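Heads up: the structure comes next, in structure tokens.
The values are calculated or read from the model by the stated rules, or taken from the named source; none is laboratory data. Everything numeric in this text was worked out from a predicted model, so none of it was measured. A quick note on method: Cβ atoms are made from the backbone with ideal geometry, for glycine too, and the neighbour counts reach across all protein chains shown. For the accessible areas, the whole protein counts, side chains as well, though only heavy atoms, and no ligand, DNA or RNA atoms are used. Shrake-Rupley method; radii C 1.70, N 1.55, O 1.52, S 1.80 Å.
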Amino acid sequence: MRKPMLALAVLLAVAGSAVPAQAATSAPGPATAGVTWSQLMKRKLDLDTASAKLTASLPALKAAVPARNADLVKAQMAATTAGVKLTSVTVKDEVAKTSCAAARTAAATARTALTAAQKAKPVSKTRVAAAQKALNSADATVKTRDAALRTAWNALVAARTTQTAAAAKVATATTAIVAANQAVADAQQKIAGMPALITSVATQASALSENVVDQTRATFTTADTTKVYGITVNKIVAYPFQHLIDDAAKAGIKMSGGGFRTKAQQIALRTTNGCPDVWTAPASSCRVPTAIPGRSLHELGLAIDLSTGGKTIPSHTSPAYKWLAANAAKYGFANLPSEPWHWSITGS
């Protein structure tokens, strides 16, 4: 049974939101139903791939969160240690400054005392010697405390550098944990939204399938075909069909088949299959159901008779049919129930 014919202009308007900009502008002039169907199916399969990749990446994204938390804790501990060290050396530097200033004051006082002893009348050598000794001691103390001050200052500079680096690591670790949590949230949001988006795009493509057949039948030439693994199909279905074959092979189902055939080949097949009349007898009247010439989707490259192990898929219980029944719709293909081997974009 054919699906209700929908206004193509309306469908194209709806489809526009789901078609990548590059694909939507790749064909000159107004897009045909076939072009739009092909774009939608590419978008849909790309979304399938993106969804699978996102889902596969989620465990690693989640695992990164505790790792980034551990980095932040480590950075905060290092920053705390650096802060304590900076406080300690700052105190020592202040103590060293105070001590150095006191030593300089004492040295100045000793120098003044020496001058007074030298100027006193009469001069007392003992007093001068004592004053000189006191000055020498004060000068030595100044040198010692100057050295201690330099050491304290260098320690303070180093502590400040360490504290600045530690603070930067805390900032970096904080940014990393925020980013890690955001990556998980973004991935989860995208994964949650993917099914509805994929279903929407697939529904739009499905609604176009009958229009694709009608428009293709009116304009089809063999230039509209291409080969996918040696199977001649319409370019409209080439991208999703190749993905179907590839993914089936990954699942252990290797398939081949026959796609496009000319009207002459369809006539010959009708004759071979014993149809009572090539042009008028219904497909079901043939030994093997075979469409009337001009009606077969094979003549448009929009249907494929699939085979596996060198033989046409024999039954609805075969592994190849079961895989197709479960998965072909993902690629825009449906089965003609009376023929387990026959798959097309409309199921006819």
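With everything on Cα atoms, drop me the angle between helix 125-219 and the longest principal axis of the chain, reported from 0 to 90° to the nearest 10.
The answer is roughly 10 degrees.
Just need the relative contact order of the chain here, percent rounded to a whole number, with Cα pairs under 8 Å and 6+ apart.
The normalised contact order for the chain reaches 19 percent.
Give me the base-10 log of I(q)/I(0) for segment 199-348 at each q in 0.09, 0.11 Å⁻¹, Debye formula, one uniform scatterer per Cα, rounded to two decimals.
-0.27, -0.40
Give me the extension gain from residue 90 to residue 167: residue separation times 0.36 nm, minus the current Cα-Cα distance, reported in nm with one decimal.
26.0 nm
Using Cβ-Cβ distances only, list the Cys residues of the chain with no partner cysteine under 4.7 Å, sorted by number.
When partners are defined as cysteine Cβ atoms under 4.7 Å apart, the chain leaves 100 without one.
Between residue 249 and residue 143, with labels modelled 7 Å along Cα→Cβ, what's the label distance in nm to one decimal, could you check?
A separation of 8.7 nm, rounded to one decimal place.
Just the accessible area per residue of the chain, please: how many Å² with a 1.4 Å probe?
In whole numbers, the chain has 55 Å² accessible per residue.
Using θ = phi - 60° and the Karplus form 6.51 cos²θ - 1.76 cosθ + 1.60, what ³J(HN,Hα) does each residue of segment 62-70 get, whole Hz, x for Gly and Pro?
Each residue of segment 62-70 in turn: 5, 5, 5, 4, x, 5, 5, 4, 5 Hz.
Using a Debye calculation, one point per C-alpha and no hydration shell, please list log10 I(q)/I(0) for the chain at q = 0.14 Å⁻¹ in order.
The Cα Debye sum returns log10 ratios of -1.12.
Can you give the longest stretch of the chain with no exposed loop site, where a site means trypsin sites (Lys or Arg not before Pro) in a DSSP loop (not H, G, I, E or B) with at most 14 other C-beta atoms within 10 Å?
3-253
Quick one: which residues, 5+ away or cross-chain, put their amide H under 5 Å from the amide H of residue 347? H built at 1.01 Å from N.
Distant-sequence amide H within range of residue 347: 334.
For 149, 197, write out the residues from largest to smallest accessible area, computed with a 1.4 angstrom probe and no ligands counted. Numbers along the way, then the final one.
On the way: 149 45, 197 65 Å².
In descending accessible area the options line up as 197, 149.
Using helices alone, I'd like the mean residue ellipticity at 222 nm for the chain: each DSSP H run of four-plus residues gives -39500 (n - 2.57), total over residue count, nearest 500.
Using -39500 (n - 2.57) per qualifying helix, the result is -24000 deg cm²/dmol.
Applying the Karplus parametrisation 6.51 cos²θ - 1.76 cosθ + 1.60 with θ = phi - 60° to the phi angles of segment 301-316, what ³J(HN,Hα) value in whole Hz is obtained for each residue in order, glycine and proline being reported as x?
Running phi through 6.51 cos²θ - 1.76 cosθ + 1.60 with θ = phi - 60° gives x, 9, 9, 9, 8, 8, 9, 9, x, x, 10, 4, 3, x, 7, 6 Hz.
Roughly how many nanometres apart are two label points built 7 Å out from the Cα toward the Cβ at residue 264 and residue 287?
2.4
Amide H of residue 228: which non-local residues (sequence gap of 5 or more, or other chain) have their own amide H closer than 5 Å, using H built in the peptide plane?
233
Place a point 7 Å from Cα of residue 99 in the direction of its Cβ. Which residues in segment 116-155 have their backbone N less than 19 Å from it?
Answer for segment 116-155: 137-155.
Taking the Cα centre of the chain as the origin and placing charges on Cβ (Lys, Arg +1; Asp, Glu -1), which of 80, 226, 249 is farthest toward the positive end of the dipole?
So the residue we want is 80.
Could you look at the chain and say what percent of its accessible area is carbon and sulfur, using a 1.4 Å probe and all protein chains?
Carbon and sulfur atoms account for 63 percent of the accessible area of the chain.
Any chance you could look up the accessible area of residue 299 with a 1.4 Å probe, heavy atoms only, rounded to 10 Å²?
It works out to around 20 Å².
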